[in-house]
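> Here it is: the structure, laid out below.
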Amino acid sequence: MQSFIDAYSQVNLHYLLEGLWVTVEVSVTSILFSFLIGTLLGIARYINVRIFSAAVGFVIDLIRNLPLLLILFFTYFALPNIGIRLGVIPASIVAMTIFESAMLAEIVRSGINAVPVGQMEAARSNGLSYVQAMVHIILPQAFKAMIPPIVSQFISLVKDTSLATIILLPELTYHAQIIYGQDVNYTIPMFVALAVLYFVVNYALSLGARLINRRLNHA
Amino acid sequence: MLSILTNNYGTLMSGLGYTLLSSLIALVFSLIIGTVFALMEISPHKWLRVIGKLYVEVIRNIPLLIITMGFYVIVPKYLLPVDGFTAGTIGLTIYTSAFIAETVRAGIQSVAVGQMEGARSVGLTYTQAMSQIVFPQAIKIVIPPLGNQFINLVKNSSILAFVAGFDLMYQGKIIANATFNTFDTYLVVGLLYLILTMPLSYLMRHLEKKWVTA
């Protein structure tokens, strides 16, 4: 019990929270970029321009079928080999963004697919252009359906940032490792702290998503 | 790029073998554990439901790395010696079982309630109705998402690289460090992962389409 009390000293807790902040920063930045790129990719795949959409679809499939860890290794260790050097934080954000964009593209595409075809037809027959119909009619409805899957994707992103400890990104898991690296007795307290912190953040996110979902369905 | 593959063919194949082995072992055990927790989640007993729900929610919201490292770092120190491959596979099993529990639960709940009621009113017990009427119908619904879980499992097994589990990612890291040719090495490793995951993911998409329309 004493080891728990010692391990959770003010300095250590502060250090853990610093790590958590980096986790949140990297996750939020990546999800914002991924949301933009994923939406564009999802639309590109949806509009069905012959070779273009198929090619986009194939690249999305390739990325979705690779381990995120490999993409992370690629952006941090492999790119310098061809002259592109990224720092730890940019390399992490780029890797997460590549992976999550592909995931979100699929969510966006199925979100758009879920909007009844009549919506597009009605918008077009009222005189809106395809782009106007997409932006003002289809996407707002699609985004509503996409909120729950996007939040669960965000939750896995928060969990996956822990993989970046391997390239020494100073996030939560890495900071915990440093603390228990100094004193063996802190190992179990640190793992407990990690589990609790990740759980609290992610469970709060999923509760939030449930709440938003309920609101939207009532409105 | 080709030289990386030819010079390290044996190492890469053994890595691929360990990746596949770990994924298959984890699949079998997480199917069993996942199904047990799924049944607990929908059980008529309140306490079983609470335990099932708790397990799934806790495991799903913790990173795989934390679970795996927990086994790799803590278990050998206080309980019994485990190697990286075992610790990694146990971590994978526990993590995946929570997702499989959710998939199986959703599958069982998508079988019409009337099926259970009908079976019960004909005189079957809860266990009989579940195992002979509801479960067989749920399996068909559940297979495509389970296939996707297996793809995730193959990808997630790269976590073994963290705990010296001799998998594809781990061997790739060693080859990259030895040859300094990181770009080509990780390209080759990526292609090998795709050989495992791409056919499976297209197969699952095909099954989804076929069975949804059927």
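The values are calculated or read from the model by the stated rules, or taken from the named source; none is laboratory data. Quick caveat, the model's predicted, so the values are computed rather than measured. Cβ sites come from the backbone with ideal geometry, for glycine too, and all protein chains shown count toward neighbours. For the accessible areas, the whole protein counts, side chains as well, though only heavy atoms, and no ligand, DNA or RNA atoms are used. Shrake-Rupley method; radii C 1.70, N 1.55, O 1.52, S 1.80 Å.
> If each DSSP helix of 4+ residues adds -39,500 (n - 2.57) and the sum is divided by the residues in chain A, what number results at 222 nm, nearest 500 deg cm²/dmol?
Value at 222 nm, helices only: -25500 deg cm²/dmol.
> Right, something else. Based on the alpha-carbon gyration tensor of the range B:48-125 and its eigenvalue square roots a ≥ b ≥ c, which shape applies: rounded if a/c is under 1.5, prolate if not and a/b is larger than b/c, or oblate?
It comes out prolate by the Cα gyration axes.
> Let me ask another. Averaged over peptide A:71-83, how many Cβ atoms belonging to another chain are found within 10 Å of each residue's Cβ?
4
> With no solvent and one point on each alpha carbon, what is the Debye value of log10 I(q)/I(0) for the protein assembly as shown at q = 0.13 Å⁻¹?
Here log10 of I(q) over I(0) equals -1.30.
> Using only the alpha-carbon atoms, what does chain A span along each of its principal axes? Please give whole angstrom values in decreasing order.
Dimensions of chain A along the principal axes of its Cα atoms: 72, 50, 22 Å.
> Whenever you get a sec, line up B:Asp83, A:Asp61 from highest to lowest accessible area (probe 1.4 Å, protein heavy atoms).
Per-residue accessible area, sorted high to low, gives B:Asp83, A:Asp61.
> May I ask which residue of B:Leu196, B:Ser157, B:Val56 lies farthest towards the positive end of the charge dipole of the range B:2-212, with charges of +1 (Lys, Arg) and -1 (Asp, Glu) on Cβ and the Cα centre as origin?
Value: B:Val56.
> How would A:Trp21, B:Trp211 line up by accessible area, probe 1.4 Å, largest first?
Greatest to least solvent exposure: A:Trp21, B:Trp211.
> Further question: Given all pairs of different Cα atoms, what value in angstroms does the Kirkwood hydrodynamic radius of the range B:2-212 take?
Evaluated on the range B:2-212, it is 18.9 Å.
> Please list, or write none, the lysines whose alpha carbon is within less than 19 Å of the alpha carbon of B:Lys210, excluding same-chain residues fewer than 8 places away.
Cross-link targets: B:Lys140.
> Related question: Just from its helices, what would the mean residue ellipticity at 222 nm be for chain B, if runs of 4 or more DSSP H residues each count -39500 (n - 2.57) and the sum is divided by every residue, rounded to the nearest 500 deg cm²/dmol?
Computed ellipticity for chain B at 222 nm equals -27500 deg cm²/dmol.
> Per q in 0.16 1/Å, what log10 I(q)/I(0) does a Debye calculation on the alpha-carbon atoms of the range A:67-184 return?
Per q value, in the given order, log10 I(q)/I(0) is -0.82.
> May I pose another question? Can you give the Rg to Rh ratio of the range B:110-214, both from alpha-carbon atoms, with Rh computed by the Kirkwood formula?
Rg/Rh: 1.26.
> In peptide B:150-159, how many Cβ atoms from other protein chains are near each Cβ within 10 Å, on average?
3
> What does the accessible area of B:Lys155 come to, in Å² to the nearest 10, when a probe of 1.4 Å is used?
Taking all protein chains as shown, B:Lys155 has close to 10 Å².
> For the range A:188-200, what does the Karplus curve 6.51 cos²θ - 1.76 cosθ + 1.60, with θ = phi - 60°, yield as ³J(HN,Hα) per residue in whole Hz, taken in order and with x for Gly and Pro?
Per-residue couplings from phi come out as 5, x, 5, 5, 4, 4, 4, 4, 5, 5, 4, 4, 4 Hz.
> I've got another one for you. Can you give me the P(r) profile for the range A:28-110? Cα pairs, bins 5 angstrom wide beginning at 0, each as a whole percent.
3, 17, 22, 22, 18, 12, 6, 1
> What are the ³J(HN,Hα) couplings of the range A:172-182, residue after residue, when phi is run through the Karplus curve with 6.51, -1.76, 1.60 and θ = phi - 60°? Round to Hz, x for glycine and proline.
3, 4, 5, 4, 5, 4, 4, 5, 7, x, 7
> Among the listed pairs B:Lys155/B:Lys209; B:Lys53/B:Lys155; B:Lys53/B:Lys173, which are separated by more than 29 Å between their Cα atoms?
From B:Lys155/B:Lys209; B:Lys53/B:Lys155; B:Lys53/B:Lys173, over 29 Å: B:Lys53/B:Lys173.
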